[in-house]
Amino acid sequence: MSAPAEPPDVDAEREVDLHTHWNRLVERWWLPAAGLVAGIVIGLLVSFGGNQVYTAKTTVYLGQPLSPTGAVQIQSDATNPSTVGQIIHSEEALREAAFKAGVPVARLRGHVTSRPVAGALTKLGQTPLVLITVTGKTPRPTQVAANDLAQIVVKRTSAYVDKIISSLQQQIAIYTRSLATLNTQSSGLSSTEARVLAAIQAAQIADQLTTAKQQLAVAQEVERGSQKTFAVSTKTTARSRRNTVIVGALIGLLIGIAAALLWEPVGRVVRHDS
C-alpha cells in the first residue's frame, strides 16, 4: 500500500503568497507612491473647488406664559420646543422670510433647522432656548432670513401674552389718568375729611398702578418670547479640505497598490493574447 499523501501546508502557501505580493510592491513601489501623490493633488483641487456656504444662527426664547393671576405656569405653544420647527418649516413662514431676504423661497426649503440649546433645562412647563439655523449661498439674505424667522416664531408663540400686555397697558393708562384727576380735585377741597378721603383713594390707585407696572414688566420680560441673539452670517466650506485630501490620498494609494499587484499578471495575459 502507498503511503498517504501529506496535507498541504496552508501556512506555508500563505507565506509564499504574501512574500510574492510584497516583492511586487517593492519592485514597483513607484505605482503606490504615484497613486498617493495623485490622490493628494486631486483632493486639494477638489477641496479648493468646494462650494462656499454661509450659516446664520439665532437664539429664541419662547417665553413662559402664566395664568391670569400670575401664580401658575401654564402650558402652551410657547412651552413646546417642537412648535418652532413646525413654524419655520411652514410654507407661509418660508415665503415671508424669503420675501424679506429677497431670494426665491426654494433657497430656504431644506436649509432651515431648529433645536433646543444644549444644556438648557427642559422640564415640564419650562421653556428652553431654541437655536434657529439657516444656510445659504449669500451672506446677507441668509442673515435676514434667519432673523425674520426668529421674529415670526416670537410673534406666533406670544399671541396670548401680547393680549395680557395690551390689557395691562390699558389698566396702567386708566390708573395714571385717575390718579392725576384725583390729585387735581383734592387740591381744591376745603374740608380736612375730604382731603383725607382723597388721599386714601390716591394711595389705593397708586398701589394698583405699581402692581400693574410690575405685572407688565413680568409679562414683557418673562412671559413673552424674545430673540436673544441676532443672527450674523459666517462663511463655511461645504466640504472639509483636510478630510477631502485624506480620502483622495487613501484612494490613490489603494489604486497604486492594486496596480502594482496586478501589473505582472495583467502583463502576462496581454503578452499571451498578443
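The values are calculated or read from the model by the stated rules, or taken from the named source; none is laboratory data. Quick caveat: nothing in here was measured; it's all calculated off a predicted structure. Here the Cβ is made from the backbone with ideal geometry for all residues, glycine too, and neighbour counts use every protein chain on show.
Being in contact with a Phe, Trp or Tyr (Cβ under 7 Å, 6 or more places away or on another chain) and not hydroxyl-bearing (Ser, Thr, Tyr) narrows it down to one residue among 81, 65, 116, 104; which is it?
65
Kindly indicate whether residue 133 is part of a helix (DSSP H, G or I) and not assigned by TED's automatic domain parsing to the domain that holds residue 213.
In short, no.
Based on this model, can you work out whether residue 197 counts as in contact (Cβ under 8 Å) with a residue 12 or more places away in the chain, more than 30 Å from residue 138 (Cα to Cα) and not assigned by TED's automatic domain parsing to the domain that holds residue 67?
Answer is no for this residue.
Inside the stretch 1-36, can you point out the residues that are modelled with pLDDT under 70, part of a loop (DSSP other than H, G, I, E, B) and of a type outside the set (Asp, Glu)?
1, 2, 3, 4, 5, 7, 8
In the stretch 71-104, which residues are closer than 16 Å to residue 135 by Cβ and either outside any helix (DSSP H, G or I) or more than 19 Å from the chain's Cα centre (by Cα) (or both)?
89, 103, 104
Would you point out the residue of the stretch 205-243, among those that are loosely packed, with under 13 Cβ neighbours inside 10 Å, of a type in the set (S, T, N, Q) and modelled with pLDDT of 90 or more, that is farthest from residue 78 (Cα to Cα)?
Taking the candidates together, the pick is 210.
Could you grab me the full set of residues in the stretch 128-169 that are under 18 Å from the mean Cα position of the chain (by Cα) and of a type in the set (Phe, Trp, Tyr)?
Of everything in the stretch 128-169, nothing turns out to be under 18 Å from the mean Cα position of the chain (by Cα) and of a type in the set (Phe, Trp, Tyr).
Do we have any residue at all in the stretch 94-107 that's assigned by TED's automatic domain parsing to the domain that holds residue 231, in contact (Cβ under 8 Å) with a residue 40 or more places away in the chain and loosely packed, with under 15 Cβ neighbours inside 10 Å?
Yes, there is a match, as at least one residue in the stretch 94-107 is assigned by TED's automatic domain parsing to the domain that holds residue 231, in contact (Cβ under 8 Å) with a residue 40 or more places away in the chain and loosely packed, with under 15 Cβ neighbours inside 10 Å.
Scan 39, 70, 50 and give me the residue that is within 24 Å of residue 248 (Cβ to Cβ), at pLDDT below 70, in contact with a helix residue (DSSP H, G or I) (Cβ under 8 Å, 6 or more places away or on another chain) and of a type outside the set (Phe, Trp, Tyr).
Answer to the selection: 50.
Give just the number: which of (1) surrounded by fewer than 20 Cβ atoms within 10 Å (Cβ to Cβ); (2) of a type in the set (Val, Ile, Thr); (3) under 31 Å from the mean Cα position of the chain (by Cα) does residue 181 not satisfy?
Here residue 181 meets the rest and fails (3).
Select from the stretch 105-125 the residues that are in a loop (DSSP other than H, G, I, E, B) and either closer than 14 Å to residue 229 by Cα or touching a strand residue (DSSP E or B) at 6+ places or on another chain (Cβ under 8 Å) (or both) and write down the one among them that is modelled with the lowest pLDDT.
It comes out as 125.
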